[in-house]
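**Student:** What follows is a structure written as structure tokens; I'll ask about it next.
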Amino acid sequence: MKSLLCILAASLIAALPAAAQPWPAKTVRIMVPNAPGSGPDLLARLASDRLARLLAMSFVVENNTAGAGIVAARNAAKSAPDGYTLLIGTVTSLAINPFVFAELPYRPERDFAGAAMVYDTSSQVVAVHPEVPAANLAELIALAKSQPGKLAYAADRGLASIVGEWMFRTAGAPITLIPYKSPAQSLTDTSAGRTQAIIISLAAIDNLRRAGKLRVLAVISVKRFPGLPDLPAVAETLPGFNGNGWSTLVAPAGTPVEILRRINQATDQVVREREYTQRLLALGYTIDGAGTLESIAEFHRSEREKWGRVIRELGIKPE
């Protein structure tokens, strides 16, 4: 009789809708559209480890870079809306891709619900080879204007390329973009002097910066990065310029709001831990809480609007 009752109870629990069950009741997958060892990947693992301890449940990070991360976003969008498949959504996957791909197998505004901020700024920087006679961004812009078409900068084909084109177009600086598939190769070529400048994350460039093989001129932000307070922000030269990267934890559309709030509350506890914020700073990121479901929805909307406008102004056509 006890066995029968247990079976019936288990069947009844299984039949409950997701929102009626305690979350999490099983392993949660966090899908990352970036390679292992990348910034979003490291932060996903940092957050997932702490969420696992906080909620006493396994969180597993899965990387999928196929199609420049589009496959990961598509798979997450098509997953069951039950809180057990989440996506590390980046500015590229949620705000830029809809304007650069003619046929995207997901629509961010339709297919995802924001759950929590993972980081709200990523410190991409402008750096130059040591032989380039520019001690700051204003001098690099002036040098480019004095030598039209002579200077080139390296950047990966994602956010960095778009930010670079937007920044140098705003400055009226004729610097040629050399796009790279791999940030590592762009670093190799710039440190060897084959390109004069580079746009890349602070974390990726830090060792070469410390070794004096590349000179960092500015962080691409509206304000200085707390980890390097002596490094100027681009907005100090180009007022109002903001090319910040960011990342949010998103769930498939239709995920019950109770589960989204549970994810939000747990993530907020994690990202406010001193150890977490200090680790973010070391990697070149900042965070000021997980936000609310409402603030994240508005943030996503405004970021899509901004990047859509930037991409149209740059004349980038969907492919």
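**Student:** Which residues does a label at residue 268 reach in segment 280-319, if reach means a backbone N under 11 Å from a point 7 Å past the Cα toward the Cβ?
**Tutor:** Within reach of a label on residue 268: 289-295.
**Student:** Once the piece of chain linking residue 184 and residue 242 is laid out straight, how much longer is it, given 0.36 nm per residue of separation minus the C-alpha distance between them? Write out the running numbers ahead of the final one.
**Tutor:** Details: separation 58, 0.36 × 58 = 20.88 nm, distance 2.44 nm.
Gain in length upon complete extension: 18.4 nm.
**Student:** Sticking with this structure for a sec: Mind jotting down the distance between the C-alpha centroids of segment 190-237 and segment 83-154, whole Å?
**Tutor:** Between the Cα centre of segment 83-154 and that of segment 190-237, the gap is 14 Å.
**Student:** Something else: Using a Förster distance of 45 Å, how high is the FRET efficiency between residue 301 and residue 131, based on the Cβ-Cβ distance and rounded to 0.05? List each step's numbers first, then the result.
**Tutor:** Details: r = 44 Å, r/R0 = 0.98.
Computed FRET efficiency for residue 301 and residue 131: 0.50.
**Student:** Tilt of helix 274-283 relative to the longest C-alpha principal axis of the chain, in degrees (0 to 90, nearest 10)?
**Tutor:** 40 degrees
**Student:** Assuming R0 = 41 Å, what is the FRET efficiency of residue 62 and residue 176, from their Cβ-Cβ distance, to the nearest 0.05?
**Tutor:** Working: r = 37 Å, r/R0 = 0.91.
For R0 = 41 Å, the calculated efficiency reads 0.65.
**Student:** Would segment 69-120 count as rounded, prolate or oblate if I go by the C-alpha gyration tensor, calling it rounded below 1.5 in a/c and otherwise prolate when a/b exceeds b/c, oblate otherwise? Can you show the working numbers first?
**Tutor:** Numbers: a/c = 2.00, a/b = 1.24, b/c = 1.62.
Verdict is oblate for segment 69-120.
**Student:** Further question on the same structure: If you plug each phi of segment 53-64 into the Karplus form 6.51 cos²θ - 1.76 cosθ + 1.60 with θ = phi - 60°, what whole-Hz ³J(HN,Hα) values come out, in order, with x for Gly and Pro?
**Tutor:** 5, 5, 9, 6, 8, 6, 10, 10, 8, 10, 8, 8
**Student:** Ok, one more. Tell me the angle of helix 257-271 to the major Cα principal axis of the chain, expressed in degrees between 0 and 90 and rounded to the nearest ten.
**Tutor:** 50 degrees
**Student:** Let me ask you something else. Taking R0 as 30 Å, what's the FRET efficiency between residue 281 and residue 314 from their Cβ-Cβ distance, rounded to 0.05?
**Tutor:** Details: r = 31 Å, r/R0 = 1.04.
Rounded to the nearest 0.05, the efficiency is 0.45.
**Student:** What are the ³J(HN,Hα) values, in whole Hz, obtained from phi via the Karplus relation 6.51 cos²θ - 1.76 cosθ + 1.60 with θ = phi - 60°, for each residue of segment 195-211 in sequence order, with x given for Gly and Pro?
**Tutor:** Running phi through 6.51 cos²θ - 1.76 cosθ + 1.60 with θ = phi - 60° gives 10, 7, 9, 8, 10, 6, 6, 4, 4, 6, 9, 4, 5, 5, 5, 5, 7 Hz.
**Student:** I would also like to ask the following. Could you check what % of the DSSP bridge pairs in segment 124-220 are antiparallel, to the nearest 5? Intermediate values should be presented prior to the final figure.
**Tutor:** Values: 9 of 16 bridges.
Rounded to the nearest five, the antiparallel share is 55 percent.
**Student:** Step through the residues of segment 132-148 one at a time and calculate ³J(HN,Hα) from phi using the Karplus curve (6.51 cos²θ - 1.76 cosθ + 1.60, θ = phi - 60°), rounding each to whole Hz and writing x for Gly and Pro.
**Tutor:** Once rounded to whole Hz, the list reads 6, x, 9, 8, 8, 5, 4, 5, 5, 4, 5, 4, 5, 5, 7, 10, x.
**Student:** Quote to one decimal, in nm, the extra length available between residue 102 and residue 150 on full extension: 0.36 nm per residue of separation minus the C-alpha distance between them. Display every interim value, and only then the final one.
**Tutor:** Numbers: separation 48, 0.36 × 48 = 17.28 nm, distance 3.30 nm.
That works out to 14.0 nm of additional length.
No value in this document is a laboratory result; all are computed from the given coordinates. The structure displayed is predicted, hence computed values, not measured ones. Neighbour counts are summed over all protein chains in view; Cβ atoms, including those assigned to glycine, are modelled from backbone coordinates with ideal geometry.
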